[in-house]
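I have placed the structure first, in the form of structure tokens, so that the comments after it can refer back to it.
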Amino acid sequence: MTTPDPYPTPSGPAARSLDQRLDAIARHPFRAKFHLSGRDRVTAELRGPATLRWHARDLVARRLAPAAPYKDGKQT
């Protein structure tokens, strides 16, 4: 009996497009200077690239430019 993957890898044009953009970003010299170390590196190695990409997509979808921002139009 197999358990379903809790972090399925998205597929389709949007996922491929995001992968292409992430690969292009990774080739920028400024961003190439940053590397994971210590605990972050171990976590990334244990979870694998598919899980990290799923978490990244989830984070971007929830936190960056939401369709209905919290308190949009309210004076702060």
So in segment 49-76, with the set limited to residues that are under 26 Å from Asp23 (Cβ atoms) and exposed (fewer than 10 other Cβ atoms within 10 Å of the Cβ), which one is modelled with the lowest pLDDT? Ala65
Restricting to segment 1-48, and then to whatever is among the aromatic types (Phe, Trp, Tyr) and open to solvent by 100 Å² or more (accessible area, probe 1.4 Å), can you tell me which residue is modelled with the highest pLDDT? Phe30
Of all residues in segment 45-76, count the ones that are under 12 Å from the mean Cα position of the chain (by Cα) and either at positive phi or in a helix (DSSP H, G or I) (or both). 15
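The values are calculated or read from the model by the stated rules, or taken from the named source; none is laboratory data. This one's a predicted model, so the numbers in the text were calculated from it and none came from an experiment. In this analysis, Cβ positions are derived from the backbone assuming ideal geometry, glycine residues included, and neighbour counts consider all displayed protein chains. Surface areas here come from the heavy atoms of the whole protein model, side chains and all, with no ligands, DNA or RNA. Shrake-Rupley method; radii C 1.70, N 1.55, O 1.52, S 1.80 Å.
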